1. Quick test for you: out of 336, 356, pick the one residue that is over 18 Å from residue 88 (Cβ atoms) and either within 25 Å of the chain's Cα centre (by Cα) or at pLDDT 70 or above (or both).
2. Looking at the stretch 119-133, can you tell me whether even one residue there is more than 19 Å from the chain's Cα centre (by Cα), assigned to a helix (DSSP H, G or I), modelled with pLDDT under 90 and more than 25 Å from residue 67 (Cα to Cα)?
3. Can you pull out the residues in the stretch 432-444 that are surrounded by 23 or more Cβ atoms within 10 Å (Cβ to Cβ) and within 19 Å of residue 229 (Cα to Cα)?
4. Of the conditions (1) crowded, with 21+ Cβ neighbours inside 10 Å; (2) within 22 Å of residue 17 (Cβ to Cβ), residue 420 satisfies every one except a single condition; which number is it?
5. Would you pick out the residues in the stretch 450-460 that are under 16 Å from residue 416 (Cα atoms) and either in a helix (DSSP H, G or I) or at pLDDT 90 or above (or both)?
6. Report the residue count in the stretch 364-395 for those that are modelled with pLDDT of 70 or more, in a helix (DSSP H, G or I) and either under 28 Å from residue 227 (Cβ atoms) or over 23 Å from the mean Cα position of the chain (by Cα) (or both).
7. Show the residue pairs meeting these rules: Cβ distance below 7 Å; 6+ apart or different chains; first residue within the stretch 23-49 and touching a residue at least 40 places away in the same chain (Cβ under 8 Å); second residue assigned to a loop (DSSP other than H, G, I, E, B) and surrounded by fewer than 17 Cβ atoms within 10 Å (Cβ to Cβ).
C-alpha cells in the first residue's frame, strides 16, 4: 500500500512527540526523548531536501535568533577550557552537540507545524497533539495508581535528575505522579501546555470536556506547584482579557479553573504517603537518615500533606507571603547573576551551566551534624529558568531577540483574539510562566505554539 507523501512525515512527527513524553526511558543508553528530537530534524531535512512545494516559510526573526544562539555556542565551545563536572553523563562535545541539536529541532518543529497545517488544517494538527498528550497522561495515571493498588510500575531505564536511580518511593513523602518522566515537575511542564489545546477542541466537540479530565488529573497528581498554579493563573488572566476585549466573560474559560479545584479536592482520595526507614526509599542516603522529623516547617508540612489542595495552594500562599525569595532556586540564581559581569553576547548554550555547577554547590552547601553536604555535587546543574539560560547563553542580545518574537506573537493574538487565539494565548502564557521556575531549554511545546501562532499570520 502506498503511503501518502505527507502522511508519513505526520506519522513520524506524532511518534517523535510521543517519544519526548517517555523521558524516563532509554534504549542502548540513548534517551527516547532525544530520539524524538532527532526524528524532528530528520523529517525537516527530508522535506527540505525533497523540495516539497510550499514548505519554505518566512520565519526570519526566529531564524536569526536561533542562528545567533548556534553561532555563539560554537565560537564559545571552541575557546572554552573544558572542565566537566565529575558525574557528568556526557562528554563536553556530546553535551554541546545536544544543545545545538535542540536548537535545530526547535526550528524544525515550527516549520513542520506550519507545513502540516497548510496541507491539512489547524484542527487536525491540534487533535494529533492532544491525542498524544492524553495517551501520555493515561500512562502516567497507570504509573501513579500502580503504587496504590500494588500494580507493577514501568521499568525505568534512565537515571533520575539527581544522578541515581529514579526514587519514586521517598520516605515520609506523599506519592507524586511521575508518569513517564524522571520528575513530577517534568510531567507537569510537558502536559500543562496541551490542556489549553484540548479546551479549544472542546469548543468544537463537547466530548473533549470529558477527555480533558484525564490530563488535568495527571497534572494535579504531580503536585507541581508551578504547573497547577500556572494553569489557574493563566486562565484567570485570559478571563480578564476576554472581559476587557468583549465586555463580557466567556464562562467556558472558567471551566479549566473549576476542574483543577474539583480534582484537587477529590484527589485527596487518591493520596498515599510512603513510610519511613526503608533504605530503598532514601537513595543515596542511608536508612538512618530517613527521618520524618525533617518536615518541621509550614512549607514542608504543606508540601507533604495528603491534602492536595493544602499541598499546592497553601504552599503557594506561604511562598507568596515571603516574596520571590521564597522560591529557593530563584533566590540562588539571583545571587549568582548579581556576582557576574553584565553579558552582552553570552557564553553559548550549556557553557554557563558547566561554569555554574561548582559555584552552585558552594552557594547551596550546608553543614549537617558537623559534616558539609552539597546539593547535586559533581553534576551539571540546570538554571531551571528559560530567561536566565537565554541571558547566559545569548546575552542581552539573545534575550531582546526572544522578547521581540514574543511581543510580535502576543500582539497578533490579542489583536485578532478569535477562539483559537484565546487558547493559544493560554498555552503560551502557561509555558512562559512555568519556564520562569521549572525549565530552561527551548521546548517542543513552545515550538508547537510558535508554529500555531505563525500560521495564522501566513493565512492572513
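The values are calculated or read from the model by the stated rules, or taken from the named source; none is laboratory data. Since this is a predicted model, take the numbers as computed values, not measurements. Neighbour counts are summed over all protein chains in view; Cβ atoms, including those assigned to glycine, are modelled from backbone coordinates with ideal geometry.
1. On inspection, the qualifying residue turns out to be 336.
2. yes
3. The answer is 434, 435, 438, 439.
4. Condition (1) is where residue 420 drops out.
5. Once the filter is applied, which keeps residues that are under 16 Å from residue 416 (Cα atoms) and either in a helix (DSSP H, G or I) or at pLDDT 90 or above (or both), the stretch 450-460 yields 450, 452, 453, 454, 455, 456, 457, 458, 459.
6. Residues meeting the conditions: 9.
7. 25/157; 26/157; 47/55
To keep it simple, each residue is scored yes or no on (1) within 16 Å of residue 427 (Cβ to Cβ); (2) at pLDDT 85 or above; (3) surrounded by fewer than 15 Cβ atoms within 10 Å (Cβ to Cβ); (4) touching a strand residue (DSSP E or B) at 6+ places or on another chain (Cβ under 9 Å).
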| residue | (1), (2), (3), (4) |
| --- | --- |
| 240 | no, yes, yes, no |
| 246 | no, no, yes, no |
| 275 | no, no, yes, no |
| 282 | no, no, no, no |
| 291 | no, no, yes, no |
